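The values are calculated or read from the model by the stated rules, or taken from the named source; none is laboratory data. Keep in mind that what you see is a predicted model, and the values were worked out from it rather than measured. Here the Cβ positions follow ideal geometry from the backbone for every residue, glycine too, while neighbour counts run over all protein chains shown.
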Amino acid sequence: MANRKAELAERQARLAAIQAAQRKSERKRTTIIAAAVGALIVLLVGATIYFLVQQNRVNAELREAAEAPIDGVEEFADQTQNHVEGDVEYAQNPPVGGDHNAVWQNCGVYAEPVTEENAVHSMEHGAVWITYDPELPADQLEELTTRAANNNFILLSPRADLPSPVVLSAWGVQLQLQEASDPRAGVFLEKYVRGEQTPEPGAPCSGGTGTPE
């Protein structure tokens, strides 16, 4: 009888020891997981703060650069603003203003050429029209597409017979570029998207014609 009680007590003691070890192991595992999650959160927060700081720095540099004249930008003053039907013969290629269709081109990315009379109306509302050679390399087109996708007042479309592979046009101003990666592109967009040159500030670049991608 005494032996059975002793054996029972011994088994209970072993079971208690096993359970205690399991609880200790679970607490240790929980502590490790919590520490790992905490470290990950700190890392993510730190990375986010770093990204925001860097982005703010880039934006500040763009704003500062946009306050000065941009090398290569041509200005074309005294653009007419009449609404007309049919084709218009423009002095610039692509046009930077002038008489235009009564309906504007919806801003966004287009894989096919758009009607210039509609695009000119978009620029009257503050849009920048980016045109590119249809043979532009894919990586450069991707860069332009990213720029257009991040701004509701950029119109991007291919256009044949351009004076340079990439041309950025806003009302009364134009910049011809050899590559999409030219840093002046970002400065031009900062300065002229809904910039001071806009004849009709506050007008939309949606609700017109065209279905961008």
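Out of curiosity, is E112 modelled with pLDDT of 95 or more, out of contact with any Cys (no Cβ under 7 Å at 6 or more places or on another chain) and surrounded by fewer than 18 Cβ atoms within 10 Å (Cβ to Cβ)?
yes
For the stretch 45-74, what are the residues that are of a type in the set (A, V, I, L, M, F, W, C) and either modelled with pLDDT of 80 or more or in contact with a Ser or Thr (Cβ under 9 Å, 6 or more places away or on another chain) (or both)?
A68, I70, V73
Tally up the residues in the stretch 65-107 that are crowded, with 17+ Cβ neighbours inside 10 Å, outside any loop (DSSP other than H, G, I, E, B) and free of Cβ contacts under 8 Å to residues at least 60 places away in the same chain, please.
1
Are any residues in the stretch 108-126 assigned to a loop (DSSP other than H, G, I, E, B) and either in contact with a helix residue (DSSP H, G or I) (Cβ under 6 Å, 6 or more places away or on another chain) or among the aliphatic types (A, V, I, L, M) (or both), and if so, which ones?
A111, V114
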